[in-house]
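One structure below.
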Amino acid sequence: MDLGAGDSYTTANSGDNIPKTASSSSVYEILLLIQSDDLTLKVQAAREIRRLTKTSKRYRRYFSNSVKSLVHMLHSNSFESKEAALLALLNLAVKDERNKISIINAGALEPIICFLQSENSTLQDHATASLVTLSASSVTKPIISASCVIHRLVDVLRQGSSQAKVDAVMALYNLATYLGNLNLILQTEPIHFIVDLLKSCKKSSKAAEKCTALIESLVCYEEGRTAVTSEEGGVLAVVEVLESGSLQSREHAVGALLTMCQSDRCKYRETILKEGVIPGLLELTVQGTSKSQTKAQTLLRLLRDTPYPNSELEPDTLENIVSNIICQIDGEEQLGKTKEMLAEMVQISMEQSLRHLQQRALICTPADLSISSFKES
């Protein structure tokens, strides 16, 4: 269909007017092709939609009317058709709440869940990635949660490709925020696979952040705490994130350890201490986020020999708390590292206090205030 330079049009059943630009004709042609009966043309159109919507919010709106046709392609016997449609839907859903809802309402969830069980690893990878995006919506979470997808995601976490495992954790983390899903996740016994992924990934990565965040949520339950401590290297993996993860990851890590210790100090204190957590906690008290600093200080107090202040003569300062813990640490290397971190922590605290005093001095004494004005006339 040819349109003059001054023409504009609206696609059928779409509320989005395609603008009067040089690209409007190609957009309209692609929307016609995706509805054609020729599978080859449909695949070509789906690939174009994927390409154009990869980074463009504008094109995600223009092609919103292609969702039903793309979902229909997911039921094709052709691998190329399934892959092209799935990738196009994935891009359409990115940062577009309306498209996420349209995709779910159009019936995409059933074939996507089937792809999670596919022997074709490519389809499984794409399906898992699409669920990360779709599960980010508060509107779609209840629908996805009711579809038995949690069990399938844990299966992917158990035996999927490296990327699919990362995406499965991210999707599970998204779904974990919906009421009741944490219990469902725990019932699938995922801790072993989450810890395995956490051990193998870079501690500063997004994957480590989502693994640690999910662990922080799961240890709110006794089954989760037991699973983490029973897993070989489970607590150590969390401690390693606390030491070298991103700021957000470290916040989740200290939160997980604090939850464990607060739930039953006698049961988990020694388990946490023996993994060498003190140096990382000391660093967090001065270099973490505000939440991390508070949690680290609280955890240090719980890790001391007694969680209560010793006396009025020995104030419950952070230095005294750590000194108390140092006396109980076994091993020269760990003891030396802890003492070194304590000295560094004190030094950083002093420097921060000095900067704070200097800033207050600048506020209290304006630079433009003339000293000569204080002299006697």
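The values are calculated or read from the model by the stated rules, or taken from the named source; none is laboratory data. Because the structure is predicted, anything quoted here is derived from the model rather than measured. Every residue, glycine as well, gets a Cβ built from its backbone with ideal geometry; the counts of neighbours run over all protein chains shown. The accessibility values were calculated without ligands, DNA or RNA, using every heavy atom of the protein model including side chains. Shrake-Rupley method; radii C 1.70, N 1.55, O 1.52, S 1.80 Å.
So is D16 farther than 30 Å from P142 by Cβ, modelled with pLDDT under 95 and acidic (D, E) or not?
no
Contact map, region 208-227: residues that are closer than 16 Å to T177 by Cα and among the aromatic types (F, W, Y) paired with residues that are in a helix (DSSP H, G or I) and open to solvent by 40 Å² or more (accessible area, probe 1.4 Å), Cβ distance under 9 Å, separation 6+ or inter-chain. Pairs shown: Y221/N183. Scanning region 68-90 for residues that are open to solvent by 10 Å² or more (accessible area, probe 1.4 Å), outside any helix (DSSP H, G or I) and either under 18 Å from Q35 (Cβ atoms) or in contact (Cβ under 8 Å) with a residue 24 or more places away in the chain (or both) yields a count of 3. Being part of a helix (DSSP H, G or I) and not charged (D, E, K, R) holds for only one residue in L179, L186, and it is L186.
Criterion first (open to solvent by 40 Å² or more (accessible area, probe 1.4 Å) and in a helix (DSSP H, G or I)) does L123 satisfy it? Judged against the criteria, L123 is not a match. Summed over region 107-120, residues that are small (G, A, S) and open to solvent by 20 Å² or more (accessible area, probe 1.4 Å) total 2. Of all residues assigned to region 210-229, at least one qualifies as being farther than 15 Å from L198 by Cβ and outside any helix (DSSP H, G or I). Considering only residues that are within 17 Å of the chain's Cα centre (by Cα) and within 21 Å of R152 (Cα to Cα), look in region 209-224 and name the one that is surrounded by the most Cβ atoms within 10 Å (Cβ to Cβ). Filtering region 209-224 for residues that are within 17 Å of the chain's Cα centre (by Cα) and within 21 Å of R152 (Cα to Cα), the one surrounded by the most Cβ atoms within 10 Å (Cβ to Cβ) comes out as C211. Of the residues making up region 178-185, one or more are outside the structural domain of R50 (by the TED database), surrounded by fewer than 24 Cβ atoms within 10 Å (Cβ to Cβ) and in contact with a Leu (Cβ under 6 Å, 6 or more places away or on another chain). There is no residue in region 151-159 that is over 24 Å from S200 (Cβ atoms), open to solvent by 50 Å² or more (accessible area, probe 1.4 Å) and not basic (K, R). Does region 188-201 contain any residue that is among the hydroxyl-bearing types (S, T, Y) and open to solvent by 70 Å² or more (accessible area, probe 1.4 Å)? Yes, the conditions are met somewhere in region 188-201.
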